[in-house]
Amino acid sequence: FKFVQGLKLNKTELEFIEPDDNIKSERVMINSVEFKQIITNLFKNAEQSFENQTGKITISLESQKLTNKKRNELDVFASSFVILTVEDNGVGIPEKNLEKIFEPLFTTKDIGEGTGLGLSIAMGIIKSWGGAIEVDSTLGVGTIFKIYIPVHRDEEDFSDLLDLVENL
C-alpha cells in the first residue's frame, strides 16, 4: 500500500486491510502515474463526502477469478483480476447520480470545486488497462468503489481464452 504515501488528507483515517499471501504473486500491468491519479481522485472525493467531519477510508486488495456472467457485466475479457476496493463512510451518492458519475463534466460540486472529469478519466484509464470499475453507494452509510485490474499473464498463457471457449 505504498501508493498512498505522500497523499495529504485532512481529517481522514486510512485503514489498510492486509491482502492474502496469494495476491503477492500476482502481476498487473499499469502505469503508476495513472494509478496514483485514480487513487487521489477517489480519496479526494471521499474526503469531500465527509462534509468537514472525520471520516474513514478503507483500502483492500484481493485476487479473484471472475465468472463469465460477471465478465459480461463488467465488459472485460480477462478472467483473473486484482480488485482494489476503496470504501468510505461518507454521506453516500444519491441513486439519481450513480448512473452519471462517470460521465465527463458531471459534477455536484460548486463552481471552482471540481471539473467533473476525475471519475470519467479514471474509468477511461482503467478500461485502457482492460479493467473495469464498479460503484455501490448507500446514503448515510458511504460508498464503495471496486477497481478490477487484469492479472498479467505471459504471452504464451492462453488460460483466459480457454476459459471463454470452455464456457460457451
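Each reported figure results from applying straightforward, stated rules to the coordinates on display, with no laboratory input. Keep in mind that what you see is a predicted model, and the values were worked out from it rather than measured. When we count neighbours, we look across all protein chains shown, and the Cβ atoms used for this are built from the backbone with ideal geometry, even at glycine.
Points to keep in mind about this one:
- The modelled label-to-label distance for the pair T138/Q37, using points 7 Å beyond Cα in the direction of Cβ, is 3.4 nm.
- Inter-site label distance for K127 and M29 at 7 Å from Cα along Cβ, in nm: 2.0
- Where labels lie 7 Å past Cα in the beta-carbon direction, separation of T54 and F77 in nm: 4.8
- On the basis of the beta-carbon distance and an R0 of 25 Å, E99 and H152 show a calculated FRET efficiency of 0.20.
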